[in-house]
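Note sheet for the following structure.
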Amino acid sequence: MKVLFFTGTGNSRYVAEKIAEAGKCELIDLRPQIKKNIQEPVKDEEVVFVTPTYAWKIPKAVEEWIELADLSEVKKAWFVMTCGDSIGNACQYNRELSVKKGMEYMGTAPIIMPENYIAMFNTPSKAESKRIITKSRPAIERTCECVKKGEKFPPVRVTVGQYLLTRVVNPAFGKFFIKGYAFSVGDECNSCGKCAELCVMNNILMQDGRPEWGEGCIHCMACISYCPKAAIQYGTATETRERYTFEGLEYRK
Ligand SMILES: Cc1cc2nc3c(=O)[nH]c(=O)nc-3n(C[C@H](O)[C@H](O)[C@H](O)COP(=O)(O)O)c2cc1C
């Protein structure tokens with residue numbers, strides 16, 4: 001079995017590590033592959049995809065990676081989605097994607113983790129974030145157990161509202177909510193280039209030592225959240241918002 005993960009701010013890596021640890025299996029970070037636009041074939045019969053939730057679905061960049069990758073040896077696929085609140089009707093799309101790739105769909109497990117979407121919302125305090133993660137531990141353990149035993153995840157109940165969020169809002173998300181031009185950098189920027197290095201979409205170019213954002217952003221929040229100087233803003237709302245990263249919590253794993 002292999003655990004393949006994507007993360008913007010560390011939550012999904014934490015959950016992926018737990019699953020890989022429990023199943024004593026290999027952990028693969030999809031970000032370097034997505035950044036280089038390569039899809040290494042997966043030579044295994046069982047795969048667990050661990051991702052954040054972006055607008056009630058898996059991130060588009062991961063969906064595209066799965067679509068292009070050679071997964072012909074994979075027989076069973078589990079999906080684990082970290083989220084701040086709800087994964088909407090992501091299950092249906094994960095099932096369809098699995099069918100398209102010839103993999104048996106083993107279900108989707110939502111895991112509530114701290115909200116990281118600083119461009120849109122306030123993020124929880126460190127103490128609150130730690131409480132949220134501790135509260136999710138039983139769900140993470142149940143998820144690990146299911147995968148270890150080769151069992152399907154229990155079905156996720158979807159309300160009409162959640163169905164519509166995935167169906168209607170998700171397709172509009174990239175177009176109406178993600179604005180490359182809304183990113184800016186302040187005088188605190190020390191030109192370290194970490195933002196450009198972290199950008200999985202290669203959407204940040206360093207020009208005369210200052211980052212500039214293109215229009216290929218997926219809003220993973222890595223640049224703004226990991227900036228060592230907190231010099232990056234998205235519009236003006238982020239000026240007063242606490243940056244969130246899993247690592248910043250120093251959570252005892
Ligand atoms: C662009 C974006 C969209 C998001 N959409 C949702 C969502 O639809 N539902 C939800 O519950 N959380 C949503 N979130 C919150 C994240 O899914 C959640 O905080 C996740 O654990 C972050 O994982 P990561 O640290 O691995 O990147 C969103 C976050 C971002 C950055």
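The values are calculated or read from the model by the stated rules, or taken from the named source; none is laboratory data. In this text the structure is predicted, and so the values were computed from the model without any measurement. Cβ atoms come from the backbone with ideal geometry, glycine included; neighbour counts cover every protein chain shown.
Among the candidates Ala196, Ala230, which residue alone is touching a strand residue (DSSP E or B) at 6+ places or on another chain (Cβ under 6 Å) and away from the ligand (no atom under 14 Å from the Cβ)?
After applying the criteria, what remains is Ala196.
Of the residues making up region 131-143, those that are more than 13 Å from the ligand (Cβ to nearest atom), surrounded by fewer than 20 Cβ atoms within 10 Å (Cβ to Cβ) and not acidic (Asp, Glu) are Arg131, Thr134, Lys135, Arg137, Pro138, Arg142. Please verify whether Arg31 is within 14 Å of the ligand (Cβ to nearest atom) and out of contact with any strand residue (DSSP E or B) (no Cβ under 7 Å at 6 or more places or on another chain), treating the condition exactly as stated. So Arg31 fits the description; yes. The sole residue among Leu4, Leu71 that is within 14 Å of the ligand (Cβ to nearest atom), outside any helix (DSSP H, G or I), touching a residue at least 24 places away in the same chain (Cβ under 8 Å) and aliphatic (A, V, I, L, M) is Leu4.
Beta carbons closer than 6 Å, at least 6 apart along the sequence or on distinct chains, pair a first residue in region 169-198 that is assigned by TED's automatic domain parsing to the domain that holds Tyr226 with a second that is among the small types (Gly, Ala, Ser) and part of a helix (DSSP H, G or I) for Leu198/Ala222. Annotation: of all residues in region 82-130 being over 17 Å from the mean Cα position of the chain (by Cα), within 14 Å of the ligand (Cβ to nearest atom) and assigned to a loop (DSSP other than H, G, I, E, B), the one that is surrounded by the most Cβ atoms within 10 Å (Cβ to Cβ) is Pro124. Collect the residues in region 206-230 that are surrounded by fewer than 17 Cβ atoms within 10 Å (Cβ to Cβ) and not aliphatic (A, V, I, L, M), keeping them in residue-number order. If the condition is that a residue be surrounded by fewer than 17 Cβ atoms within 10 Å (Cβ to Cβ) and not aliphatic (A, V, I, L, M), then Gln207, Asp208, Gly209, Arg210, Glu212, Gly214, Glu215, Gly216, Pro228, Lys229 are the ones that fit. Among the residues here, Glu46 qualifies as surrounded by 20 or more Cβ atoms within 10 Å (Cβ to Cβ), over 19 Å from Glu115 (Cβ atoms) and away from the ligand (no atom under 15 Å from the Cβ).
Restricting to region 40-62, what's the tally of residues that are outside any loop (DSSP other than H, G, I, E, B) and not basic (Lys, Arg)?
10
Whenever a residue of region 231-250 is more than 22 Å from Met113 (Cβ to Cβ) and surrounded by fewer than 19 Cβ atoms within 10 Å (Cβ to Cβ), it has no partner that is at pLDDT below 95 and among the aromatic types (Phe, Trp, Tyr) lying with C-beta atoms less than 6 angstrom away and at least six residues away or across chains.
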